[in-house]
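Let me begin by presenting the structure, written as structure tokens, before commenting on it.
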Amino acid sequence: MRWIKLGKIVENRKQIGLFDELGIRNANVVRNHQGGNYLMAYECVAGDGRTSIGLAESPDGLKNWTKIQEEPILMPLEDDGWDSRGVGSPCLVQMNNKSDELRLYFVGIGNDRKTGIDMAVSEGNNLRKFRRWERFQA
């Protein structure tokens, strides 16, 4: 097998104040059953070092990636939250039973440097916002 390096496929513009000012890393790509395109969740690093999660899409999954929006789809909780220092290491999963629902598993880190894993769910096929999972529905 021979690998071919394509170069940067998602650019961060390094603009002061943007959620990805210091860079992007730790990407996860899935095929979007709803639209037939590809989705990439990625970890973003802001100027203050806090991490959040962004989302980009591509028609072929190789090049031509465009950000869904110029803000994260998931941010850390407030200063006293369990993941107040950042969220990252995203893993997108498209549910077979609901083709318009995506689950986003992620790692959070708190001010005490303790980590945990949590999940957020897309609001139907709206990929611009994910809501944090709260509990199973009875």
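The values are calculated or read from the model by the stated rules, or taken from the named source; none is laboratory data. Everything numeric in this text was worked out from a predicted model, so none of it was measured. Every residue, glycine as well, gets a Cβ built from its backbone with ideal geometry; the counts of neighbours run over all protein chains shown.
Here are some notes:
- Considering residues of region 101-116 that are part of a loop (DSSP other than H, G, I, E, B) and surrounded by 15 or more Cβ atoms within 10 Å (Cβ to Cβ) only, the residue modelled with the lowest pLDDT: Glu101
Residues checked against (1) surrounded by 15 or more Cβ atoms within 10 Å (Cβ to Cβ); (2) more than 15 Å from Phe130 (Cβ to Cβ); (3) out of contact with any Gly (no Cβ under 8 Å at 6 or more places or on another chain):
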{"residue": "Gly47", "(1), (2), (3)": "no, yes, no"}
{"residue": "Asn64", "(1), (2), (3)": "no, yes, yes"}
{"residue": "Pro76", "(1), (2), (3)": "yes, no, no"}
{"residue": "Gln94", "(1), (2), (3)": "yes, no, yes"}
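- All positions within region 30-85 that are among the small types (Gly, Ala, Ser), part of a loop (DSSP other than H, G, I, E, B) and farther than 30 Å from Lys114 by Cα: Gly35, Gly36, Gly61
- Residue in region 62-81 that is under 17 Å from Ala120 (Cα atoms), modelled with pLDDT of 95 or more and of a type in the set (Gly, Ala, Ser) present: no
- Residue match in region 125-136 (condition: in contact with a Gly (Cβ under 9 Å, 6 or more places away or on another chain) and either free of Cβ contacts under 8 Å to residues at least 24 places away in the same chain or outside any loop (DSSP other than H, G, I, E, B) (or both)): no
- First in region 40-55 and under 10 Å from Gly88 (Cβ atoms), second anywhere and charged (D, E, K, R) and part of a strand (DSSP E or B), Cβ under 6 Å, 6 or more apart: Glu43/Arg25; Thr51/Glu43
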